[in-house]
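Here's the structure, in structure tokens; my notes come after.
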Amino acid sequence: MTDRARFRLIAMGLAVLLTLPLGAQAQAWPMKQPIKLVAVFPPGGSVDQVARLLAQPLSQQLGQSVIVENKGGASGSIGAAAVAAAPADGYTFAVVFDTHGVNPSLIPGLPFDSKKDLMPIVLIGTAPMVLATQAGSEFRTLADVVAAAKTKSGVSYGSIGSGSLGHLAMALLGKNNGLDFQHIPYKGGGPLMNDAVAGHVPLAIGSVFLVKPHIDSKRMRALAVTTSGRSAELPGVPTLAESGFAGFDAPAWWAVLAPARTPPEILKRMNEEINRALKLPDVAKRLESQGISVVGGTGEVARVFIEKQIDVWGKVVKDNGIKAD
């Protein structure tokens, strides 16, 4: 054998050996260790509930334990940063909320790039937010609110916090239509609804999950929802788009993300398994009970949606000079 032929044989052998670790890693997944779903908000909220709702069927489908770890703080950015920095081996994923689309423009110095360091796997679903008022309020319809927002005194409203999607949606609505909405930030949904039910704040904007129990108990009156289509949970409540604000669409949303360099075979398999779980009647029913409309689909569908959210809300933050709490 000539030296040239011997060199070529050695080179081919090395090439095969170099490809083995990646191939073996993808092939062995997910048998190495439990899979972690990092819920980027504390226990009890919608992100935590969505993560736990997915964990059980995914565990059964994959033949591996799927555990939920809550890593809240800084509007979900602490948990997202932890996943962005995690090994890209298919054993750590993030379950994020709509704040993920706001944080890049709202929080200076994020330790990760939302578009480059995290790979969307699937858009779980979307849900409208509800603009509501106390049952005894003078605001009987959205038109009453709009009329008041055109006066010198304007109208106050509460949201779950500065930079929340509810805050940004109202800022966008006001800026584009010459309406004076004065924001009152609360430290979460509980304090907001306590004041709204008591009539201490004229308007409240929050998720269907947060507001609907108070509508059902007749203590709050729904005036409009923020998505382009009506909510299945509140079919009698008009959208902002059909109430004179054409094209207005500000959905809450939930998604699953992975570290950016996760092998494509793993991303594809995880996408397939999550979509399979979302089609289970019990999972779909429980998501629907929270006002969430299942979306599912490919990772590319999720990527396009999330990047659009980042761009849209980044402009709203900049145009209105919005700062985090």
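Here Val47 passes the criteria (1) within 14 Å of Phe93 (Cβ to Cβ); (2) at pLDDT 95 or above; (3) not polar (S, T, N, Q) except the one numbered (2). Scanning the range 292-325 for residues that are surrounded by fewer than 15 Cβ atoms within 10 Å (Cβ to Cβ), touching a Lys or Arg at 6+ places or on another chain (Cβ under 9 Å) and closer than 23 Å to Met270 by Cα yields a single hit, Glu307.
Could you say whether any residue in the range 1-8 is farther than 25 Å from Gly161 by Cα, in a loop (DSSP other than H, G, I, E, B) and modelled with pLDDT under 90?
yes
Residues of the range 77-101 that are among the β-branched types (Val, Ile, Thr), closer than 26 Å to Gly206 by Cα and either out of contact with any Phe, Trp or Tyr (no Cβ under 9 Å at 6 or more places or on another chain) or modelled with pLDDT of 95 or more (or both): Ile78, Val95, Val96.
Within the range 272-325, the set of residues being part of a helix (DSSP H, G or I), under 24 Å from Leu58 (Cα atoms) and in contact with a Pro (Cβ under 7 Å, 6 or more places away or on another chain) comprises Ala277, Val283, Gly299, Ala302, Arg303, Ile306. For the range 65-111, the candidate set comprises residues that are among the small types (Gly, Ala, Ser) and out of contact with any helix residue (DSSP H, G or I) (no Cβ under 8 Å at 6 or more places or on another chain); within that set, the residue that is nearest to Gly125 (Cα to Cα) is Gly79. Evaluation of Val122 against the conditions (1) in the same structural domain as Leu287 (by TED's automatic domain parsing); (2) free of Cβ contacts under 8 Å to residues at least 60 places away in the same chain shows that the sole unmet condition is (2).
Would you mind stating whether Ser289 is closer than 22 Å to Val96 by Cα, buried (at least 17 other Cβ atoms within 10 Å of the Cβ) and modelled with pLDDT under 95? The answer is no for Ser289. In the range 255-278, which residue that is out of contact with any Phe, Trp or Tyr (no Cβ under 6 Å at 6 or more places or on another chain), of a type in the set (Gly, Ala, Ser) and under 23 Å from Ser77 (Cα atoms) is surrounded by the fewest Cβ atoms within 10 Å (Cβ to Cβ)? Only one residue tops the list, namely Ala260. Does at least one position in the range 255-262 carry a residue that is assigned to a helix (DSSP H, G or I), modelled with pLDDT of 95 or more and not assigned by TED's automatic domain parsing to the domain that holds Thr133? No, the range 255-262 has no match at all.
Residue by residue, here is whether (1) in contact (Cβ under 8 Å) with a residue 40 or more places away in the chain; (2) surrounded by 22 or more Cβ atoms within 10 Å (Cβ to Cβ) holds:
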{"position": "Pro57", "(1), (2)": "yes, no"}
{"position": "Gly63", "(1), (2)": "no, no"}
{"position": "Gly73", "(1), (2)": "no, no"}
{"position": "Val96", "(1), (2)": "yes, yes"}
{"position": "Thr99", "(1), (2)": "yes, yes"}
{"position": "Val102", "(1), (2)": "yes, yes"}
{"position": "Leu118", "(1), (2)": "yes, yes"}
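Mind checking whether some residue in the range 208-220 is among the small types (Gly, Ala, Ser) and buried (at least 16 other Cβ atoms within 10 Å of the Cβ)? Looking for residues that are among the small types (Gly, Ala, Ser) and buried (at least 16 other Cβ atoms within 10 Å of the Cβ), one finds none in the range 208-220, hence no. Among the residues of the range 259-288, none is identified as free of Cβ contacts under 8 Å to residues at least 12 places away in the same chain and among the hydroxyl-bearing types (Ser, Thr, Tyr). When Lys308, Lys268 are checked against the criterion of being within 17 Å of Leu165 (Cα to Cα), modelled with pLDDT of 95 or more and assigned by TED's automatic domain parsing to the domain that holds Gly44, Lys308 stands alone in meeting it. Condition test on Ala148, is it over 24 Å from Ala222 (Cβ atoms) and either more than 21 Å from the chain's Cα centre (by Cα) or modelled with pLDDT of 95 or more (or both)? For Ala148, the condition - over 24 Å from Ala222 (Cβ atoms) and either more than 21 Å from the chain's Cα centre (by Cα) or modelled with pLDDT of 95 or more (or both) - is not met.
So which residues in the range 230-254 are crowded, with 20+ Cβ neighbours inside 10 Å and assigned to a loop (DSSP other than H, G, I, E, B), if there are any at all?
Of everything in the range 230-254, those that are crowded, with 20+ Cβ neighbours inside 10 Å and assigned to a loop (DSSP other than H, G, I, E, B) turn out to be Ser231, Glu233, Leu234, Val237, Leu240, Phe248, Ala250, Pro251.
Would you check which residues across the range 136-151 are part of a helix (DSSP H, G or I) and surrounded by fewer than 15 Cβ atoms within 10 Å (Cβ to Cβ) and list them?
Hits for the range 136-151 are Ala143, Ala147.
Among residues that are without any contact (Cβ under 8 Å) to a residue 40 or more places away in the chain and closer than 22 Å to Glu272 by Cβ, Gln33 is not included.
The values are calculated or read from the model by the stated rules, or taken from the named source; none is laboratory data. A quick note: this is a predicted structure, and the numbers were derived from the prediction, not measured. FYI the Cβ positions are ideal-geometry reconstructions off the backbone, even for glycines, and counts take in every protein chain you see.
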